[in-house]
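Structure record follows, encoded as structure tokens.
The values are calculated or read from the model by the stated rules, or taken from the named source; none is laboratory data. Keep in mind it's a predicted model, so treat the numbers as computed, not measured. For neighbour counting, all protein chains shown are included, and Cβ atoms are generated from backbone atoms with ideal geometry for every residue, glycine included.
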Amino acid sequence: MKSRTWMFTIAIILLAVPALPLQVAAQQTRYRLIDLGTFGGPSSYKSVNAPGYQIINNTGIISAAADTSTPDPFCFNRDCFVSHATRWQDGVLTDLGALPGIGNSSLAGAINALGWSAGQSENGAIDPATGLSEVRAVFWGRDGHIIDLGTFGGNQSLATTLNDPGQVVGFSSNAIPDPFAFAFFPSGTQIRAFLWQNGVLQDLNTLGGPDAQATSINQRGQVAGVSYTNSTPNGTTGLPTLHPFLWDHGRMTDLGTLGGTFSGPFGPNGEEGSLLVNDRGQVIGISTLVGDQTFHPFLWDRGTLTDLGTLGGDNGTATWLTDAGDVVGQADLPTSPPGCSGPTCIHHGFLWKRGVMTDLGTLGTDPCSRALMMNAKGQIVGATIAICGEHETHAFLWENGGPMVDLNTLIPANLGVTLYEADNINERGEIVASGLPAGCDERLACGRIFLLIPCDANDASGCVSPEVSTNAVARSNPAPVTNSLATSTQGHSRPSGMLAAWRARLAQRYHLPGLAASPRD
């Protein structure tokens with residue numbers, strides 16, 4: 001009898017054991033919330049107002065920008081306060097400064113493993129071709145001092161991202177008049193993709209047209225970007241044919257399109273996406289199909305361009321690519337209303353993995369969602385949208401097969417903070433999100449950048465009380481290193497239609513001055 005009782009007890013224990021991991025998995029991680037702070041102004045924000053750029057590294061250092069209390073007559077960041085590039089580390093917000101000049105703004109964007117960052121700064125001059133402030137690509141390296149990367153003889157340049165060896169990519173104007181360059185930058189002269197390293201600014205050339213832009217670089221020095229292939233405008237877009245490229249140590253490869261004439265980091269009407277290369281040399285982007293009326297996300301791998309498709313609707317965009325080849329983005333559903341276009345169609349965030357596209361769903365009654373970044377653990381962050389094509393509404397986390405979770409439910413409720421978008425996550429699971437602090441109801445006027453740190457299961461005290469970073473440290477910068485300086489008096493004409501939409505999204509992505517904010521900013 002005792003033997004039977006003992007065996008029955010063991011059986012119950014064994015049956016109960018498999019349930020334990022399920023209970024643990026069901027427990028949702030909570031987060032400590034940190035407001036990165038400002039330099040006396042109302043707002044902090046990402047330098048690059050778009051998906052596809054890592055602004056937090058795996059040690060938790062964050063590269064961004066914050067307002068000072070000084071008004072900015074050029075409204076460089078559209079809230080009309082002078083802003084400075086920031087580096088946040090271990091509770092300290094450091095002012096990285098700007099290029100010399102009174103009232104110059106700067107923005108730090110992508111960050112590497114060493115905490116170095118790339119971005120842009122006003123230089124105190126006025127571009128005679130546009131009447132706007134001149135902007136220079138800049139780099140903050142080991143000592144945090146700013147370096148002016150110069151131009152190819154024009155008045156404007158901008159750095160998009162960098163890798164761990166310190167190679168920086170972006171685009172710069174030269175002095176050659178070009179009516180199509182306005183789609184890339186308000187310059188009136190050609191725009192060329194560049195690679196900067198060790199003080200040398202290298203023109204990567206083009207695919208045959210006048211202009212090119214570099215958008216991504218991997219640890220091997222391979223560069224992804226977009227280039228015109230000719231100088232003849234297409235009737236469907238108003239632009240010359242635009243193709244993505246992969247530049248590999250002097251050789252530029254045309255990656256082609258999915259049948260249309262327009263391919264790159266945006267959809268044809270400015271729909272947000274990314275053009276990225278991972279460390280395996282794979283590239284993601286967006287391409288129109290034949291006729292340029294619809295567009296799909298693509299993955300290019302060793303000479304093969306794969307259409308990743310949609311979730312049953314017409315359009316889709318890719319926003320992030322992991323080194324394993326997994327892609328996240330957004331794609332239309334077949335339930336989209338008749339006559340919708342681009343972001344106004346019903347779309348959900350997706351995960352594309354080994355040929356299978358998974359619908360990540362949405363939150364509550366929000367009809368739309370966007371997946372923006374994914375780490376190696378399979379954690380995906382993004383945003384849901386209450387009115388498709390307008391403001392993001394709720395920041396989300398999707399993991400362990402879903403469903404997505406509203407990040408606002410995983411932070412201390414007593415802070416009064418509303419997180420509306422999460423677009424960065426590192427390998428430690430730390431998340432960077434945009435949100436509204438207590439008492440703020442306008443993201444352009446007082447929006448902030450927040451850091452979410454996973455709470456230790458054994459110490460959840462930080463998940464109850466607020467955490468705020470308030471230590472702003474001023475840093476003086478020496479005279480910058482300048483590679484090239486030039487001015488141009490070539491004028492330009494303002495674009496219209498599809499060209500205007502793409503140009504506007506580019507300007508909003510990189511905070512170019514002189515353009516009104518869009519509803520989604």
Can you name the residue in region 335-351 that is touching a Ser or Thr at 6+ places or on another chain (Cβ under 9 Å) and part of a loop (DSSP other than H, G, I, E, B) and is also farthest from residue 257 (Cα to Cα) among such residues?
337
Subset of region 291-310 that is in a strand (DSSP E or B) and either among the β-branched types (Val, Ile, Thr) or free of Cβ contacts under 8 Å to residues at least 12 places away in the same chain (or both) - its residue that is surrounded by the fewest Cβ atoms within 10 Å (Cβ to Cβ)
304
Filter result (aliphatic (A, V, I, L, M) and more than 12 Å from residue 371 (Cβ to Cβ)) within region 299-320
299, 305, 308
Out of all the residues in region 159-179, which are over 23 Å from the mean Cα position of the chain (by Cα) and buried (at least 20 other Cβ atoms within 10 Å of the Cβ)?
174, 178
I need the full set of residues from region 362-379 which are in a loop (DSSP other than H, G, I, E, B) and in contact with a His (Cβ under 9 Å, 6 or more places away or on another chain), in order please.
362, 363, 364, 366, 367
Pairs, first within 25 Å of residue 233 (Cβ to Cβ) and modelled with pLDDT under 95 in region 246-267, second surrounded by fewer than 24 Cβ atoms within 10 Å (Cβ to Cβ) and of a type in the set (Gly, Ala, Ser), C-beta under 7 Å, six or more apart:
267/342
Scanning region 268-290 for residues that are charged (D, E, K, R) and buried (at least 19 other Cβ atoms within 10 Å of the Cβ) gives 271, 272
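For (1) part of a helix (DSSP H, G or I); (2) modelled with pLDDT of 85 or more; (3) among the acidic types (Asp, Glu), each residue gets a yes or a no:
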residue	(1), (2), (3)
414	yes, yes, no
452	no, yes, no
462	yes, no, no
495	no, no, no
If you scan region 361-390, which residues turn out to be under 16 Å from the mean Cα position of the chain (by Cα) and surrounded by fewer than 24 Cβ atoms within 10 Å (Cβ to Cβ)?
375
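Test of understanding: among 397, 419, which residue is assigned to a strand (DSSP E or B) and either among the charged types (D, E, K, R) or closer than 23 Å to residue 324 by Cβ (or both)? Working first, answer last.
Details: 419 fails: either among the charged types (D, E, K, R) or closer than 23 Å to residue 324 by Cβ (or both).
Within the list 397, 419, the selection yields 397.
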Considering each residue of region 312-321, count those that are surrounded by fewer than 21 Cβ atoms within 10 Å (Cβ to Cβ) and either under 14 Å from residue 262 (Cα atoms) or not small (Gly, Ala, Ser) (or both), and give that number.
1
Of the conditions (1) surrounded by fewer than 21 Cβ atoms within 10 Å (Cβ to Cβ); (2) under 17 Å from residue 273 (Cβ atoms); (3) not hydroxyl-bearing (Ser, Thr, Tyr), residue 329 satisfies every one except a single condition; which number is it?
(1)
Tell me which strands (runs of 3 or more DSSP E) are completely within region 118-186 and hold 2 or more residues being small (Gly, Ala, Ser) and at negative phi, or say none if there are none.
133-140, 153-162, 168-177
Please work out which one of (1) over 16 Å from residue 181 (Cα atoms); (2) more than 22 Å from the chain's Cα centre (by Cα); (3) surrounded by 24 or more Cβ atoms within 10 Å (Cβ to Cβ); (4) among the hydroxyl-bearing types (Ser, Thr, Tyr) is the condition residue 253 fails and give its number.
(3)
Residues to consider are 172, 187; find the one that is without any contact (Cβ under 8 Å) to a residue 60 or more places away in the chain and over 25 Å from residue 113 (Cα atoms).
172
Here are some conditions: (1) polar (S, T, N, Q); (2) without any contact (Cβ under 8 Å) to a residue 60 or more places away in the chain; (3) closer than 30 Å to residue 71 by Cα. Residue 424 meets all but one. Which one does it not meet?
(2)
The listed residue being under 18 Å from residue 156 (Cβ atoms) and of a type outside the set (Lys, Arg), out of 196, 247:
196
